[in-house]
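Worksheet: one structure, shown below.
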Amino acid sequence: MEIMQKEAIDTKITEEIPLKILAHNNFVGRLIGKEGRNLKKIEQDTDTKITISPLQDLTLYNPERTITVKGTIEACAKAEEEIMKKIRESYENDVAAMHVSLQ
């Protein structure tokens, strides 16, 4: 039993798991950043590999892109936190800009 538990723990630590996040296309450009700087920084800071689905996958009825994060569970959690922070900032900036333009 101990051996099975140790193997299960060892497997979880080294195993990379893909985490998929959906984001509206309007926010993805700001997540990527100029020349991919924002995305590269998140990858370096969290030791993950991040890919984003191509524009060709977008449709009129599905304006969302898939952000795939690969790494350990802990690394994916850190990357997800950073990605969501960037997306939230973009959303808040858009809402603030709309509010200003309505006044």
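Values in this text are rule-based calculations from the coordinates and carry no lab data. Note that the coordinates shown come from a computational prediction; the quantities given were computed from them, not determined experimentally. All Cβ positions, glycine included, derive from the backbone under ideal geometry; neighbour counts span all protein chains shown.
Here are the numbers for this structure:
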read-out	value
Computed label-point distance, nm, for sites Glu89 and Asp47 using a 7 Å Cα→Cβ extension	2.4
Sequence-distant aspartates and glutamates (8 or more away, or on other chains) whose Cα lies within less than 13 Å of Lys70	Glu15, Glu16, Glu43, Asp47, Glu80
Calculated FRET efficiency for the pair Glu81/Gln56, C-beta based, R₀ 30 Å, to 0.05	0.55
Gain upon complete extension [Met98, Asn25; 0.36 nm per residue less C-alpha separation]	24.5 nm
